[in-house]
Amino acid sequence: MENTPSNSYTPPPDKAITHRALILAAIADGTTSIFNPSICEDTLATAACLKKLGVKINFLKKSLQVEGLGLKGLKEPAGPLSAGESGTTMRLMAGLLAGQDFNSVLTGRGSLLKRPMARLTEPLSAMGARISSQNGLAPLKISGAPLTGARLKLSVPSAQVKSAALLAGLYADGRTSVTERFKTRDHTERLLKHFGAKITISGLTTILKPGPLSAGHITIPGDISSAAPFIAAALLSDRTLLIKNVGLNPSRLGFLKTLKKMGVRLKIKIKKTRPEPVGVIQVFPARLKGVKIAPDEIPSMIDELALLALLAASAEGKTIIQGVTELRHKESDRIKTTLLLLERLGIKASFKTDSLIITGPQQIRGGKPIETFNDHRIAMAAAVGNLIAGKPVITKGASCVRKSYPAFFADFKKNFH
Ligand code: S3P
């Protein structure tokens, strides 16, 4: 690392990895310690569902201890399980529950009740699962049924759906193969391997043989998606930033790769730790230039696109972000809410066919009240926009950051005020 003085920042633990660690630990043989877990609304929803299935989870000072019940040890829950507003909880739990020999109901609240579930019930049904939805929406009624391994081709690039199929595959008779259109985050595959599952990955296809898991302690790295607003804020305010202990899984690096294409100088040091690589990123101020992003790059930066749009406004030239339609199905219709956020900040942008188009440089003026639409990623992007606009703007519904990053505003203030 260079000797330039930097603000230093450590992001909170990774939410996506924590969900998976909790679920796999619950069905492994033996007790797993999850060090540095993400504690936020979404991961607490996963923990609450597992507790209702009879899993003991002890919350210690800096770790969670999960007493695994083995593949067949979960108990029929006394009532419906709530995923809260967590899409990852809903979809991964559905995969897990599909292979049990009891019935369950998975429900949720708010935006989660409007998010598409057919993408999930279709592949699981192809494995023999009996799941009924409300016209493609939650609540889901799952009747425990024997599953058969299948060769699945997923039409929607979604790590949540892929993970659900793999979890169901642990209970299937025969092997399950899942082929995706584009590579999505592979935390489930890495953790399955870590917990002793028989899994092989070749290109876009993952093959899993059913079988038991054994406890595997894990330390959760920092969340690159939570670090992203800090990177954007540093770049837009011409500061250096040193990010420590951040997860650097190759399937999550789209934002960093795009920044490099936009002319940003990043120094990245990766420690090839297992199951997840971790490291340090140093960000240096740069003159940004417009960039074109192809649809197959989107999954690797799916949660960073609102921030990217903001950066594109400050970049010289045209930025085209292609293949963003999946954003319609996040906590909000994030195409609509990103465009609205940009408009409120005084930025002109458009959406054509499946692309977001922003031509810069434009001044981030701000001054108009911003609504988050209860979407944590919009709230964080709004905080970055407000910082640059330098005008006191009310962000309506900012507390939704507790979904993934409860300390976001406190950390942001520490670093940027
Ligand atoms: C996630 C996958 C992504 C992402 C979400 C977390 C996961 O969703 O947007 O925040 O934990 O697997 P999709 O798989 O629906 O794209």
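We did not get these values from a lab; they are worked out from the coordinates using the rules stated. Quantities reported herein were computed from a predicted structural model and do not represent experimental measurements. As a convention, Cβ positions derive from the backbone with ideal geometry for all residues, glycine included, and neighbour counts pool all protein chains shown.
Taking 0.36 nm per residue of sequence separation and subtracting the Cα-Cα distance, how much length would be gained by fully extending the chain between Arg151 and Arg402, in nm to one decimal? Don't skip to the end; give the middle numbers.
Working: separation 251, 0.36 × 251 = 90.36 nm, distance 3.78 nm.
Full extension from Arg151 to Arg402 adds 86.6 nm.
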Reciprocal mean inverse distance between Cα atoms of the stretch 6-81 - Kirkwood radius, Å: 12.9 Å
Top of Gly174, Gly99, Gly247 by mean-square fluctuation, Gaussian network on the chain, Cα under 10 Å: Gly174
Debye-sum result for the stretch 289-417 in log10 I(q)/I(0), which assumes one identical scatterer on each alpha carbon, at q = 0.10, 0.20 Å⁻¹: -0.28, -1.17
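Taking every pair of distinct Cα atoms and averaging 1/r, then inverting, what Kirkwood hydrodynamic radius in Å comes out for the stretch 15-219?
It works out to 16.4 Å.
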Average Cα contact separation per residue, the chain, under 8 Å, 6 or more apart, as relative contact order %: 14 percent
DSSP-defined beta bridges in the chain - what % are antiparallel, rounded to 5: 70 percent
Karplus-derived HN-Hα couplings along the stretch 310-323 (A = 6.51, B = -1.76, C = 1.60, θ = phi - 60°), whole Hz, x at Gly and Pro: 5, 5, 4, 5, 8, 8, 7, x, 8, 10, 10, 10, 8, x
For the stretch 73-158, the Rg and Dmax computed from alpha carbons only, in angstrom: 12.2, 35
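Using the count of nearby Cβ atoms within 10 Å as a rough guide to exposure, how do Thr188, Thr353, Thr273, Thr219 rank from fewest to most? Each step should come with its number before you reach the end.
Numbers: Thr188 29, Thr353 8, Thr273 13, Thr219 19.
Least to most surrounded, the residues fall as Thr353, Thr273, Thr219, Thr188.
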Between 0 and 90°, nearest 10: helix 15-26 axis offset from the chain longest Cα axis: 10 degrees
Amide H partners (placed H, <5 Å) of Lys396, local residues excluded: Ile370, Glu371, Thr372
Compactness of the stretch 196-249 - radius of gyration and Dmax, Cα, Å: 17.9, 52
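Using only C-alpha atoms and all pairs of different ones, pull out the Kirkwood radius for the chain in Å with one decimal. All intermediate terms of the calculation are to be shown ahead of the outcome.
Values: mean 1/r = 0.0461 Å⁻¹.
By the Kirkwood definition, the hydrodynamic radius is 21.7 Å.
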Inter-label distance, nm, simple model (7 Å from Cα along the C-beta direction), Ser237/Ser214: 4.9 nm
Amide H contacts of Gln100 (H built 1.01 Å from N, under 5 Å, at least 5 apart or other chain): Ala145
Label-point gap, in nm, between Arg365 and Thr200 - each point 7 angstrom along Cα→Cβ: 6.0 nm
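Step through the table entries Lys292/Lys352; Lys52/Lys72; Lys272/Lys413; Lys15/Lys244, compare each Cα-Cα distance with 20 Å, and write down the pairs that go over it. Display every interim value, and only then the final one.
Details: Lys292/Lys352 14 Å; Lys52/Lys72 15 Å; Lys272/Lys413 32 Å; Lys15/Lys244 17 Å.
From the list (Lys292/Lys352; Lys52/Lys72; Lys272/Lys413; Lys15/Lys244), the Cα-Cα distance tops 20 Å for Lys272/Lys413.
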Relative contact order (%) - criterion: Cα under 8 Å, at least six apart; region: the stretch 279-417: 21 percent
Ala48 versus Ile394: modelled label distance in nm, points set 7 Å from Cα along the beta carbon direction: 2.8 nm
Chain lengthening between Arg274 and Lys352 when straightened (0.36 nm per residue, less Cα-Cα): 24.0 nm
Cα-based equivalent ellipsoid, the stretch 309-356: semi-axes from gyration tensor eigenvalues, Å: 18, 13, 8
R0 of 22 Å, Cβ-Cβ distance Lys75-Thr31: FRET efficiency to nearest 0.05: 0.80
Principal-axis tilt of helix 224-236 within the chain, Cα atoms, nearest 10 degrees: 0 degrees
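Relative contact order (percent) for the stretch 333-398, with alpha-carbon contacts under 8 angstrom and 6 or more residues of separation?
Working: 92 pairs, mean separation 20.8, N = 66.
Across the stretch 333-398, relative contact order equals 32 percent.
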Mean Cβ neighbour count within 10 Å, used as a protection proxy, ranking 39-48, 255-264 highest first: 39-48, 255-264
Angle in degrees between helix 41-52 and the longest Cα principal axis of the chain, rounded to the nearest 10: 10 degrees
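Using the crude model of +1 on Lys and Arg Cβ and -1 on Asp and Glu Cβ, and no other charge, please compute the dipole size for the chain relative to its Cα centre, in debye to 20. Walk me through the numbers on the way to the answer.
Numbers: 59 positive and 30 negative charges, 122 e Å.
Using Cβ point charges on Lys, Arg, Asp and Glu, the chain gives about 580 debye.
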Cα centroid separation, the stretch 5-69 to the stretch 367-417 (Å): 26 Å
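Order by neighbour count: Val283, Val156, fewest other Cβ atoms within 10 Å first, most last.
Numbers: Val283 26, Val156 20.
Ranking Val283, Val156 by Cβ neighbours within 10 Å, fewest first, gives Val156, Val283.
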